[in-house]
Structure formats: C-alpha cells, structure tokens
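Okay, structure first, notes after.
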Amino acid sequence: MTAAAPGTAPLPPLVAAQHRAMPFTRLTDCGMDPAAARRLLADTAAGTPWQDAAAAIAQTQLERARSAEESGHRTTARQAYRYASAAWMFAQMAHQTDTAEKRQLYARHTAATAALVPDVERVEIPHRDGRLGGWLCLPPTGEAQATVIVWGGLSGWGAAYLPVADAYTSRGLACLLAEGPGQGESRLRHGLHVDERVTDGFARFVDLIEADPRLGGAIGVQGVSFGGLFAAHLAAADPRVGAVVVNGAPAAPTVPEFRTAREQMAAVVGTDDLGRVAEVMDALRFDPDRHRITCPLLLLHGGQDPLARYEDQEPFLRAADPATANVRIWPDGEHTLYNHAAQRDALTGDWFTDHLIDRGTPKG
C-alpha cells in the first residue's frame, strides 16, 4: 500500500500510481473541469476504477452539452464538450497497452472533440500506410500570422492541449494539435508507430501548414514531455522550423525500469520486444555533437520534475546557438509545469509571437 493524505487509508499501489501520473494539476492543465477533477481523484481513492470514474464524468458532460445545444446555448455546450473530451482523454490513460477498451475510449474522446467543429478543425494527413491526425485551431480572424504545432508524449496527445491552443490563438497564432506517429488516432486507429524515422512523420504536419494559405509564413514546433525529443529532432532536421519549445523531455531516452512506463513505451513503438524498443530509443538519442538546432530554442524545466531532470534536457541547449537559446526554470515546477500552466502558456505564447510573427516568408 502507498501512503495517502493524513487521516485517510493508504491507496492501493495501482491507484496511487494513477494519482501520481495524473494529479489534479495535470487534469486541469489538460482541460478537465476542476470540480470534475476533484471528483475523479476522490472516486478513484474510494475504489471506483479509474477508467469507469473518468468515463462517468465524460458522460455527464456530454449530456450537459447536448442539453445546452437543445436550449440554444452554444457557448455552454462548447464548454461541456471540451470537458467531456478531456475526461475521455484521461479515461484511456488507465490502459497502458492498446486494448480494445483503450481504442474505444479514445474514439469517444475524438468524437467529443469533433463536436467542437467548426471552432476546431479535424485534419488528417496520409503517411506511409495510414493517416496522421490532428486538430487545427485558428485565431478569431480565421487567418494566422504564424502557426505553432504542438504535440505530446507517451500518453497525452492532440486535444489534450486545447488550453495551450487558446493561449496561442488569442495572440493571433494558429495552433495545430498533432497526433504524430505513436500517438492518438494515428496509432490506435491507423497503426503508425515510433521508429528511427519518426521525424519524417512529424514533418508531414509542416507540409500541411505550408499548403494552407490561412496559416501564415512562419512555423514553430512545441513538444511536451517525451514529445519534446521529437520537437528537437525536427528542429534540427527541418529548416522550415522557425522556433522550437522543448518542455520536460529526455535527450537520451531509455527503456523505463517501471512496468507501466515500459508498457507505454512499448505501445508507442508497437512491439512487446523490449530489445526492439531499446534499439529505437538508442536511435532517437539526441546528440548535440551530431544534431544542431539553428532556430531559436526555448527550454522549459520544472525543478520538481521526477521524469526529466535538468541534466536530461541540457543537451538540447548545447545543440542550439547560445545567442538564440533560452531556458526557463520553475524551482517548484512539476513535470511539464502542470502547476504553472497559465504562466507557462503565456510565456510560450509571447515567445512564439516574438520569434515568428513578421519573421515568416509570405506565401505566394
């Protein structure tokens, strides 16, 4: 058993692990209603399985959204659909491997997010034998002065970052919330996984932006958690990237010691062969002697991050030009700065604005 708050019974190991991986700060950072987030933690501490508790919350929000639509209250409906989308996202995180239930829960998340159309546009891009997915968010004018692509890591993807998109679109930027190889529908529905050429998949989102005349001339990329590694690789490989943010990423990924984390990584690679997983991770190691980042880099770090130490991220800084590389550290920051979400998003939104707007090449 694992210790809980004073005056309460210890949590079973699985529940304690879920509460560590998905604390209140992460739940709200990725768009859950704060009251629902507290309920999720309380219900699971009381014995309700995580996926059941999160699904019940999502269903309640869907019913609220549909009732609001029937009454003509579009703003309330949109809020409730977003809360439902976030709850379904966290429901699927109870499954580390790609079970039928995980696929179903993620499909429900996708359907709830799709209800936000036309405010949020679904995009799909052919890649290899499947399709990459994502969500495009435009500023109020319908046209952007520049665009930022944002993606997650091993467990949270795409529309989990709608709050980040809000910060960017309010500043005149478009935001493409990507589900790259090994992520979201791209993996669960289309079978696209992470391998030695994963950067090629993320570059397809750059192709999409270049082809859309609404999306401005300059392109930034932002990787959250493990996805920061992919962002750094793309910035080093693709001269079309005009600025990059890396948040809480390991430069030298390894197969995790803990079973649940190993299962997550194996699912991302698409194999139970840990030797193959280790082979892919070794190929993805970011070496500043071989990979150089010539565009501006902003590195974000939380001093209380148990998953990515500063030393784990420092190679990204060594790969960048010292004149255009910046680092911001919150001494009390959790993983990817869940507990400083508003300030983090304001900082990165302003930083991308400074480095992308009016610096892109106009499209013909």
Checklist outcome for this item: Considering residues that are of a type outside the set (S, T, N, Q) and surrounded by 24 or more Cβ atoms within 10 Å (Cβ to Cβ), the number found within the stretch 123-161 is 19
Checklist entry - Quick one: ARG359 ticks every box in (1) at pLDDT 95 or above; (2) touching a strand residue (DSSP E or B) at 6+ places or on another chain (Cβ under 9 Å); (3) surrounded by fewer than 21 Cβ atoms within 10 Å (Cβ to Cβ) bar one, so which box is it? => result (1)
Checklist entry - Taking the stretch 104-122, which residues are crowded, with 19+ Cβ neighbours inside 10 Å and either touching a strand residue (DSSP E or B) at 6+ places or on another chain (Cβ under 6 Å) or of a type in the set (A, V, I, L, M) (or both)? => result LEU105, ALA112, ALA115, LEU116, VAL120
Checklist outcome for this item: Pairing a residue in the stretch 74-97 that is farther than 11 Å from LEU116 by Cβ with any residue that is in a helix (DSSP H, G or I) and basic (Lys, Arg), where Cβ atoms lie under 7 Å and the two sit 6 or more apart in sequence or on different chains, gives TRP88/ARG108; GLN92/LYS102; HIS95/LYS102
Item to check | Wholly within the stretch 99-183, strands (runs of 3 or more DSSP E) carrying at least 2 residues that are touching a helix residue (DSSP H, G or I) at 6+ places or on another chain (Cβ under 7 Å), at pLDDT 95 or above and of a type in the set (Gly, Ala, Ser) | outcome: 130-137, 173-179
Next on the checklist: Can you tell me how many residues within the stretch 61-98 are hydrophobic (A, V, I, L, M, F, W, C), assigned to a helix (DSSP H, G or I) and within 18 Å of ARG26 (Cβ to Cβ)?
Outcome noted: 7
Next on the checklist: Looking at ASP305 and the list (1) in a loop (DSSP other than H, G, I, E, B); (2) open to solvent by 50 Å² or more (accessible area, probe 1.4 Å); (3) not aromatic (Phe, Trp, Tyr), which single condition is not satisfied?
Outcome noted: (2)
Checklist entry - ASP200: closer than 15 Å to ASP238 by Cβ and acidic (Asp, Glu), yes or no? => result yes
Checklist outcome for this item: Among ALA231, ALA249, ALA235, ALA278, the single one that is open to solvent by 10 Å² or more (accessible area, probe 1.4 Å) and not acidic (Asp, Glu) is ALA278
Next on the checklist: Can you find, within the stretch 165-192, the residue that is surrounded by the fewest Cβ atoms within 10 Å (Cβ to Cβ) among those that are more than 19 Å from PHE202 (Cα to Cα) and not polar (S, T, N, Q)?
Outcome noted: ASP166
Item to check | Condition broken by ALA319, with the remaining ones in (1) within 21 Å of LEU154 (Cβ to Cβ); (2) open to solvent by less than 10 Å² (accessible area, probe 1.4 Å) satisfied | outcome: (1)
Checklist entry - Any residue in the stretch 184-196 that is aliphatic (A, V, I, L, M), assigned to a loop (DSSP other than H, G, I, E, B) and under 28 Å from ARG276 (Cα atoms)? => result yes
Checklist entry - Is there a residue in the stretch 2-16 that is β-branched (Val, Ile, Thr) and open to solvent by 70 Å² or more (accessible area, probe 1.4 Å)? => result yes
Next on the checklist: Given the criteria under 16 Å from LEU154 (Cβ atoms) and either more than 18 Å from the chain's Cα centre (by Cα) or surrounded by fewer than 20 Cβ atoms within 10 Å (Cβ to Cβ) (or both), does ARG328 qualify?
Outcome noted: no
Next on the checklist: For the stretch 143-167, give me each residue that is over 10 Å from the mean Cα position of the chain (by Cα) and not small (Gly, Ala, Ser).
Outcome noted: GLU143, GLN145, THR147, VAL148, ILE149, PRO163, ASP166
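Here is a list: VAL198, VAL206. Which entry is touching a His at 6+ places or on another chain (Cβ under 9 Å), at negative phi and open to solvent by less than 10 Å² (accessible area, probe 1.4 Å)?
Working: VAL206 fails: touching a His at 6+ places or on another chain (Cβ under 9 Å).
Exactly one of VAL198, VAL206 is touching a His at 6+ places or on another chain (Cβ under 9 Å), at negative phi and open to solvent by less than 10 Å² (accessible area, probe 1.4 Å), namely VAL198.
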Checklist entry - Of the conditions (1) free of Cβ contacts under 8 Å to residues at least 40 places away in the same chain; (2) touching a Lys or Arg at 6+ places or on another chain (Cβ under 9 Å), TRP135 fails just one. Which one is it? => result (1)
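The values are calculated or read from the model by the stated rules, or taken from the named source; none is laboratory data. None of the values given here were measured: they were computed from a predicted structure. Quick reminder, even Gly has a Cβ in these numbers, built from the backbone with ideal geometry, and neighbours come from all protein chains shown. Ligands, DNA and RNA are stripped out before the accessible areas are found, and what is left, the full protein with its side chains, is counted by its heavy atoms. Shrake-Rupley method; radii C 1.70, N 1.55, O 1.52, S 1.80 Å.
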